[in-house]
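Take a look at the structure below.
The values are calculated or read from the model by the stated rules, or taken from the named source; none is laboratory data. Note that the structure is a prediction, hence the values are computed from the model and not measured. Here Cβ is always computed from backbone atoms with ideal geometry, including for glycine, and neighbour counts include all displayed protein chains.
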Amino acid sequence: MPELPEVETVRRGLQAQVVGRRITRVEVGRERTVRRTSRQAVIDGLTGATIVCVNRRGKYLL
């Protein structure tokens, strides 16, 4: 499990690299990954979206 400073370093690196970029392809590996909606709804909702920021909540990147 990564330590909090490592997660923040990764977040900052991603922020610099991906903000403003468009999502061209989404893969959902396991059905259990998405619980409250269908796999296809997640794929359709994210494909073509633009990344506006990279946040974290604790050790989780959002």
Original post:
Hey, any hits in segment 17-26 for a residue that's more than 16 Å from Leu62 (Cα to Cα) and either in a helix (DSSP H, G or I) or among the polar types (S, T, N, Q) (or both)?
Top reply: yes
Subject >> From Thr9, Thr37, residue being among the hydroxyl-bearing types (Ser, Thr, Tyr) and assigned to a loop (DSSP other than H, G, I, E, B) >> reply: Thr37
**OP:** Starting from residues that are small (Gly, Ala, Ser) and either at pLDDT below 95 or in contact with a helix residue (DSSP H, G or I) (Cβ under 9 Å, 6 or more places away or on another chain) (or both), keep the ones in segment 9-40 and report whichever is surrounded by the fewest Cβ atoms within 10 Å (Cβ to Cβ).
**Re:** Gly29
Subject >> Contacts under 6 angstrom Cβ, first residue in segment 1-18 being within 10 Å of Asn55 (Cα to Cα), partner assigned to a loop (DSSP other than H, G, I, E, B), 6 or more apart >> reply: Arg11/Val54; Leu14/Val54; Gln15/Val54
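Quick one: how many residues across segment 41-54 are among the polar types (S, T, N, Q) and surrounded by 11 or more Cβ atoms within 10 Å (Cβ to Cβ)? Let's see the steps before the verdict.
Going through segment 41-54, the residues among the polar types (S, T, N, Q) turn out to be 47, 50.
Narrowing the set further to residues that are surrounded by 11 or more Cβ atoms within 10 Å (Cβ to Cβ) leaves 47.
Looking only at that region, the number is 1.
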